[in-house]
Ligand SMILES: [Zn+2]
């Protein structure tokens, strides 16, 4: 774009003379050129720093903060009570947490009740069991009545935790934030709209609490605005990462009313591609609109015993609460009757706020960027800075090389690091990921610098810069069609780059203007792409560091004219000076390559596993009460040495333990523990017109987190099924146990199941299983040494007992 021509690019001597546009003369002197490079880099660094500072969390305010404000200090007192220990749905610990929440909301003078019901899984009605997943749930629901309601605002968080950890962040953060928001709202002026506080149960198991509330609570009957608060880590900015469809008006309120609005329409697209789910899934329904927010950095502790209150970054809690309170107040006074716009917005954070524009502008903007880059290419050729052939080379292959090479290199780097440290395989992210993230960025920079230094003389700076912008513009069009929320990432930098280049080309004077123009254009790329890189690392984890590397390369492509200033003006100097300048030009590439290696090494040295940062391992125990055979099982694909002491090869356990969901697991022999299988009592058995109806009661004989029941479909076909009085979908899957159901948080008195079957002549075989948590009391179990931890998963530390009942 505005880059000066080289001899190679123009085929003419590039010594300043009549053939060289006046604008370029200013930069032919090496000292001036270096000065311009330094100034441009300082400006870009300042823009980058500003963008990153904008992502910082606010300082947590103390418990003495004014009563109408959110205080992380006050909320944290609730975090400590809620996350004192693991409190999985159905446990006694969860009963205590619920009692605390109820008492806090009643204490605020709010109408408070517990919704106690049985509900199916949200989103998908058939679970891994090939039948249905249901749970007994108890949601705490409180209402702050509005003065003249136009609708309802729901603040939602789940109060249950996983079995493997106390849930200090997930989701004591959301629950405590909502209690503190409720307090601040209750002391202030009454809102116009109803505000409903919904603390859900059994989110971790099946999103069943939210599903129960959305589907059957009277306060949910007319729908409304849902604000869901989550945490999938321990620190970092709170990101608004999911919205209901046609979100333009909601995003507008978010940009205006959230004090720290961090969110991008690209995150919405990323999230859809991830296998994660939250309570918000239950509200993806015509009746509801809403926003879903979470902080996600520090993912190493997610769902593990380390997710304690002490692990929480209270700045993240403050941001969660500040935003939730601001949004609750604004939605509390907004007319809620018409919040669904006709379109989605494109939005992203910049220092000082949230940029947003209507989604229908996405494709026109993308096409405009293509046209602008084409115009730049045409003018570049006309001004003699590049031939058609070189422009084609710059676009055709040259610019594509770093776009492909950098992500592949980043993935290979992580493969090398996990080979050295296999324990990383079971972590969402390392405990101290910063060194590895910087290594990936240095690697991407090394690739861009090397590529540029190698091709600059052959193809020319102008052709390479235009080629890079052309790829950005083209990606913008592809994204606009396939992933519209992410199109701004490449469209806007391409547009800015093309305009900057055009300005630089047309500036007919000596002086700083060409450099100012290309630097300003690169600044747009930095402001948009740098926060994206920084947010992508925790969102996807190091295992997908290649995606961040890709975005880093795109950022590099927007800044090529600035990178070019680090290189000598071709033909600008002669002899020794030129040689010295050319040597200087390989410095950035070399420095970045060395930095990548050093940073990866520092990461390996600093982020070692120890008692406070253990290598997570996955182990469970399964006992067949019919045969007396017991096994250790693990989901680790490449078992670590501690796990290796329990399991050997991969075994198919699908026949014996269909309730575990996974057929293939690592397994090893174990001593049989003296544990009772769940009881299956026949309450009624009637055959009528070829259909046999069995009314059964499945009763765990110990404190169980879940119970499952499967039907051997070689003995009978399941026609209809009812669990706790509600019919569930009957959807046969392959294999012996073609029908099954999972019941989370089963009550002590058991679960009633009614099956209507077409039998195949003989007895019907049913397989009953229940599962509790904690392996400590099992014969043959040796406690983990320091440095060996527990994987944050829904099945680690699980203890399952199963047996078959022929009826
Ligand atoms: Zn969770």
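The values are calculated or read from the model by the stated rules, or taken from the named source; none is laboratory data. Everything numeric in this text was worked out from a predicted model, so none of it was measured. Don't worry about glycine lacking a Cβ; one is built from the backbone with ideal geometry, like all the others, and counts go over all protein chains shown.
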For region 71-93, which positions are surrounded by 22 or more Cβ atoms within 10 Å (Cβ to Cβ) and under 26 Å from residue 707 (Cα atoms)? 82, 83, 87, 88, 89, 90
Quick check on my filter: what residues within region 676-693 are over 19 Å from residue 743 (Cβ atoms), within 48 Å of the chain's Cα centre (by Cα) and outside any strand (DSSP E or B)? none
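Of everything in region 747-774 that's within 31 Å of the chain's Cα centre (by Cα) and buried (at least 17 other Cβ atoms within 10 Å of the Cβ), which residue is nearest to residue 711 (Cα to Cα)? If you could, list the steps in order and put the result at the bottom.
Of all residues in region 747-774, those within 31 Å of the chain's Cα centre (by Cα) come to 771-774.
Next, only the ones that are buried (at least 17 other Cβ atoms within 10 Å of the Cβ) stay: 771-773.
On the way: 771: 18, 772: 22, 773: 25 Å.
This residue is 771.
Considering only strands (runs of 3 or more DSSP E) fully contained in region 276-362, which possess at least 3 residues that are without any contact (Cβ under 8 Å) to a residue 24 or more places away in the chain and surrounded by fewer than 21 Cβ atoms within 10 Å (Cβ to Cβ)?
Details: elements: 288-297, 345-350, 353-358.
Because the criterion is at least 3 residues that are without any contact (Cβ under 8 Å) to a residue 24 or more places away in the chain and surrounded by fewer than 21 Cβ atoms within 10 Å (Cβ to Cβ), no strands (runs of 3 or more DSSP E) in region 276-362 meet it.
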For region 783-801, how many residues are surrounded by 21 or more Cβ atoms within 10 Å (Cβ to Cβ) and in contact with a helix residue (DSSP H, G or I) (Cβ under 6 Å, 6 or more places away or on another chain)? 1
Is region 253-265 home to any residue that is in contact with a strand residue (DSSP E or B) (Cβ under 7 Å, 6 or more places away or on another chain), within 16 Å of the ligand (Cβ to nearest atom) and at pLDDT 95 or above? no
Taking residue 118 and the conditions (1) assigned to a helix (DSSP H, G or I); (2) in contact with a strand residue (DSSP E or B) (Cβ under 9 Å, 6 or more places away or on another chain); (3) away from the ligand (no atom under 16 Å from the Cβ), which numbered condition does it fall short on, given that it satisfies the others? (1)
Checked region 382-408 for anything closer than 18 Å to residue 558 by Cβ and assigned to a loop (DSSP other than H, G, I, E, B); matches are 399
Tell me which of these residue 127 doesn't satisfy, since it passes every other one: (1) in contact with a strand residue (DSSP E or B) (Cβ under 6 Å, 6 or more places away or on another chain); (2) crowded, with 22+ Cβ neighbours inside 10 Å; (3) in a loop (DSSP other than H, G, I, E, B); (4) modelled with pLDDT under 95. (2)
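Do the conditions hold for residue 367, that is, is it surrounded by fewer than 16 Cβ atoms within 10 Å (Cβ to Cβ), under 30 Å from residue 248 (Cβ atoms) and in contact with a helix residue (DSSP H, G or I) (Cβ under 8 Å, 6 or more places away or on another chain)? Don't jump to the end; show me each part of the working.
Working: surrounded by fewer than 16 Cβ atoms within 10 Å (Cβ to Cβ): yes; under 30 Å from residue 248 (Cβ atoms): yes; in contact with a helix residue (DSSP H, G or I) (Cβ under 8 Å, 6 or more places away or on another chain): yes.
For residue 367, the condition - surrounded by fewer than 16 Cβ atoms within 10 Å (Cβ to Cβ), under 30 Å from residue 248 (Cβ atoms) and in contact with a helix residue (DSSP H, G or I) (Cβ under 8 Å, 6 or more places away or on another chain) - is met.
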